[in-house]
Structures are given as structure tokens and as C-alpha cells.
Ligand code: FAD
Ligand code: NDP
């Protein structure tokens, strides 16, 4: 293939790109697709949250755009369609299964509100999974239609760099396509990490890439890890009635406010999730009856222990999808420790016309809305429509554990580290959601805290909310914090009664005062 050989021989230069592009256009016009090389204004590698948003925006603004997306099946063989992690094996199936679990709680509440619920209430994994999977498939289709409507060319190919302007894509049948562009966006996300040093981990374990696509119930499950993915998955598994254990080696939700994280864990524990603290797995083996025997070490006592599970879910972090990209051919540099792509504030990599957005980029929050916004803003800048950069400060997020935890801004620890304890005021409250009262639900972990600067007007540095619909509550307050809201302004905000969110506008007790922060009455 002459074009590929020429491209591979090339050195880095904008001049060469122009020459190549010109030659290609001439050849393309003469020989059409048979030439095998195609030219675009913008190539987007990765059809997930960030890549699709960037591609659609650029195409709408008049650029000739192609998206290259390819999903390697998980080690267990799970595969899915267009849309990336969030749509297929992340936010969407997770939130729907979380909803399934919340409904279980409501069924328990229902008799208190006069409903006659015929016992025993059963949950059918097959039905839930099929409904969730069908919804995901409809989203895959929706993305394909949107790309077509916006005239974005979609290639189901696995991409790797040939040089700094050219990418080679390979289909699952091994057919190669060469694509060149003036600008290339890398939005390849990440995949779950396997602890390959643990015997049996890869052979018998699964990850979040598989759990949402299981046809049969995972049964008694061990979840290893204690961050977002681990706690959320363990939360919904417990909620739909499965015997679920979390094995954590250190703290829950590293990076989050630790008081809130402990309350999240306390709630889960009091609602049936088992926790093995300070433990690390050492092997997984399959017994004759098909069950899995997990051996672990208690790091405190040094003792070994073992137990039997039907499923082992590794939720020990994610690895960026950079290895197969041949980044060195384009001169794109990564962090040698975590292999994420180094980027600047414009999302540019070490090669100025190659950009990286979303989970694959170093130092970015691994969240769908940040990937989407970064992609859209990048497209607008590349199209000369705007010079606005993505602001990664005060990004709100919610952990969809059985009791949801929403937050925006600094944790108490971060605020103290940055400003000093004497300059930080924390207002807090334990409250009881009205809905919990009639249903006689325990509200011991329903807690809010607002972290502020101490000096007037007491700028709000962070807000942390633990309770029902935390995502809905946090979203609105995130706007206030983004706009630089002060404690006084939040106190002047009239509440909506009766809601949980109104409790935020009633936070009068400071931690420093030592007074009882339990809310009573209206
Ligand atoms: P991705 O969405 O991962 O897309 C990358 C795409 O590129 C994939 O389709 C991949 O297959 C493809 N690709 C990779 N390499 C190549 C290649 N060489 N050639 C072609 N294609 C390639 N975030 C939230 O905001 N809220 C949540 O509730 C939430 N829940 C989550 C739950 C779970 C279980 C997980 C795992 C994640 C969750 N996230 C959540 C995080 C969110 O899913 C990610 O931050 C988001 O999907 C990142 O988008 P992205 O565009 O960077 O990459
Ligand atoms: P994280 O990297 O955030 O956490 C990894 C967890 O696994 C930690 O608890 C870590 O413990 C533990 N761990 C790591 N290695 C081992 C090991 N060898 N043995 C035992 N435990 C280990 O990964 P996640 O996969 O949970 O989340 C990835 C990202 O996805 C998050 O940062 C988040 O941005 C995004 N996400 C967002 C969600 C949302 O918005 N609701 C939901 C889910 C994911 P330790 O602390 O000791 O290192």
C-alpha cells in the first residue's frame, strides 16, 4: 500500500500534512475510495461520551468529521455497541440497576402507606437485565442515527497512529483503512483493571464490563475495591437481594470527603452489604460445583481466610486505552506511571494538532459530563467559534450508592489543607427525609455539610449531601457554587418545602460550635 508506506516514512511537520492532504485529495478525486486513504478536517478516535460530543459539534459547525470506534470484547467475551463506557457498561446500566434496587426499598415502605404487598417479593435478574440491555441497545442505535444525521462518517475500526496526521484502522476481519486529518482527537477512554498477579483473577473474575450484560443473576458476589464502581455495584446487588461482600484494602471512596464516605459505608453495612476491611485477595479457584473459592489475607492480623462465592467482581480501577494507539509514531507523550495522555488547558497533547479528552487524558475527572463538555468546547475552538476553555473546577458528582452521595467543590480535608483549619467553617446537619418518617426508615446517615471560608462573606468551598436523590439536589447548588455563592446567600435562599434539598438552606450549626447538628421539626 503506497500511501501507507509513504505515510509511515514521513517525519513530523505541518508541511508534510498539507502535501499529503493535497496529494490525497488529487488521488482521492482520481481513484475514489479505492485509493484506501481518506482525508478529514477532524478525526475522532473513540465513540464514547467525549468523542461523540466533539464529533457532532464539529460536524454541525461545518467540518468534515469521522469517528472511529471499536470495542474489544472483555476477557469474558462481553461486547457492546457504539456510545462508549457510559452508555454500555457505566452510568446508564448502573443507574437503571440502582433504580431497580431503590424500588425494592420502596416496596418495603409501601405497606406503611397502605399498599398490600403480597409476600414473598421476588426479584428477577433476567427481566431486569433484559430491559436494561434493550434500553442500552436503543441508545447505541440512537447514536448511529445522530452521526448519520449530522453527516459524521462512522467507522467501526480499531485505530492506531501511523504518523502524526494519519491513523490506520482495522476492522474485526482485519481489513485496513488509512485516514488522515488536520486535527486528531483521542477519546479512547479506559477499561477495567484486572489484578493479573492474583491467581485465577482473569480466569474466574469479571468486571463492570460484564456485570450489566449477565443473562443470569451473579448470585453471591464478592466485590473487590472500595471506590465509585465497587460501592455502586455492591449497592445495587445488595438492594436486589443478593448476598454481597465488599473487600477493601484501605479507605472507602479515596479522594472524597472521608466523613461522608464513612457514612456511605455505614449505611450500606446497616442495609446488608458485608465489608471485609483491610483485606487483599490472594487467589481465586473454581470448585467442582462451579462455585468460586476466594482466599485473602487480613493485612492487620496477617491471617489468611477463605470463602465461597458465585461471582467475583474486580472494581480496582481503570486503565487508559493508550497501549494500542502507537502514540510514539505520532510523538504523543503519556505519563509513564499511569499511561494517561499528557494534555494542556486546551486539551492539546505534546503534538499541537492532536488532542485528548475524557478518561484517557491525564488529570481529568473520569466523568461523562466533563468528557462531553470538554469535547464540545474543543470542537468550538477548532472551528473558530469560541476560545472558551473547559473549567475542571467545581465539577459536581454523585455516587449512586443505596443512600446517594452528591458533592461539589472541596472536601473538608482539602479545604483545611488549602486554607488552614482556622480559616474554614463547616456547617452541618443530620436530617430526616419526610418520606422516611411514615415508613419508619432509619435516617442515621442522612447528613449534609457545607464547607465555607470563615471570613465574611463566607464563600462556599464545598457542598456534601447524603440522602435521597442526591444527584438532583447537588446539580442546582453546583450552579450557585460555580457562581461564587456565599454562605449568607445560601441562607437567603428560600427552601422548597417539604424537600431534602431545603435542609441545605437551613444549615445553621457550625462544627466549631460543637452544638448538636440534628435537625428537628420544620
Ligand atoms: P469512553 O466512554 O470510554 O469511550 C471510549 C471509546 O473508545 C470506547 O467505545 C472504546 O471502545 C473506544 N476505543 C478505545 N480504543 C480505541 C481504538 N484504538 N480505536 C477505536 N476505538 C477505540 N460517569 C458519570 O458521569 N456518571 C456516572 O454515573 C458514571 N458511572 C459509571 C459507572 C461505571 C461502572 C463506570 C465504569 C464508569 C462510570 N462513569 C460515570 C464514568 C464514565 O462512564 C466515563 O467517564 C465516560 O464514559 C468517559 O468517556 P470517554 O469519552 O472518555 O470514553
Ligand atoms: P478508582 O481508581 O477510583 O478506585 C479503585 C479502587 O480499587 C480503590 O478503592 C482502590 O483502593 C482499589 N484497589 C486498587 N488496586 C487494588 C488491588 N490491587 N487490590 C485491592 N483493591 C485495589 O476506580 P473506579 O473503577 O471505582 O472508578 C474509576 C472512575 O470512574 C472514578 O474515578 C469515577 O470518576 C468514574 N465513575 C464515576 C461514577 C459516578 O459518577 N457515579 C461511578 C463509577 C465510576 P485504594 O484506595 O487503597 O487505592
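Where does helix 91-109 land angle-wise versus the long Cα axis of the chain, in degrees 0 to 90, nearest 10?
Result, in degrees: 20.
In 10 Å bins starting at zero, report the fraction of Cα pairs in region 438-522 per bin as a rounded %.
Result returned by the calculation: 15, 52, 29, 4, 0.
How large is log10 I(q)/I(0) at q = 0.10, 0.11, 0.14, 0.17 Å⁻¹ when the Debye formula is applied to the Cα atoms of region 150-253, each weighted equally and without solvent?
Each listed q maps to, in turn, -0.50, -0.58, -0.77, -0.88.
With a 10 Å radius around each residue's Cβ, average the other Cβ atoms per peptide and rank 481-490, 318-327, highest first.
318-327, 481-490
Enter the angle in degrees (range 0 to 90, nearest 10) between the Cα long axis of helix 470-482 and the first principal axis of the Cα atoms of the chain, meaning the one along which they spread out most.
70 degrees
Can you give the translational diffusion coefficient of the chain in µm²/s, computed by Stokes-Einstein from the Kirkwood radius over Cα pairs at 20 °C and 1.002 mPa s?
Result for D is 85 µm²/s.
With each label point set 7 Å from Cα along the Cα-Cβ vector, what nm distance links residue 138 and residue 298?
4.9 nm
Could you give the nm distance between label points at residue 258 and residue 121, where each point is 7 Å from its Cα heading toward the beta carbon?
So the two model labels end up 3.7 nm from each other.
Report the equivalent ellipsoid semi-axes for region 167-320 in whole Å, largest first, defined as the square roots of five times the eigenvalues of the gyration tensor built from alpha carbon atoms.
The three semi-axes for region 167-320 are 32, 20, 16 Å.
Given R₀ = 41 Å, what would the calculated FRET efficiency be for residue 345 paired with residue 422, taking r from the Cβ atoms and rounding to 0.05?
So the FRET efficiency works out to roughly 0.80.
Using only Cα atoms, what Kirkwood radius does region 57-133 have, in angstroms?
One decimal place: 16.2 Å for the Kirkwood radius.
Using just the helices of the chain, give the 222 nm mean residue ellipticity in deg cm²/dmol: DSSP H runs with n ≥ 4 each add -39,500 (n - 2.57), and the total is spread over all residues, rounded to 500.
-10000 deg cm²/dmol, from helical runs alone.
Round to a whole angstrom and tell me the spacing of the C-alpha centers of region 185-228 and region 326-364.
26 Å
What angle do you read, to the nearest 10 degrees and between 0 and 90, between the alpha-carbon axis of helix 49-60 and the longest principal axis of the chain?
It is inclined by approximately 50 degrees.
To check my understanding: the extent here is largest minus smallest coordinate of the Cα atoms along each principal axis. What are those three numbers for region 90-162, in Å, largest first?
Principal axes ranked by extent give 63, 25, 17 Å for the Cα atoms.
Which residues among region 251-269 fall inside the zone where the amide N is under 12 Å from a point 7 Å beyond the Cα of residue 108, along Cα→Cβ?
Correct set: 267-269.
Counting every Cα pair in region 266-385, what percent are over 23 Å apart?
Value for region 266-385 (Cα pairs over 23 Å): 56 percent.
Tell me, what is a quarter of the convex hull surface for the C-alpha atoms of region 129-169, in nm² with one decimal?
Result: 4.0 nm².
Read-outs: derived from the displayed coordinates by stated rules, not from any lab. Just so you know, these numbers come straight off a predicted model, no measurement behind them. Using ideal geometry, Cβ is built from the backbone for each residue, glycine included, and neighbour counts are taken over all protein chains shown.
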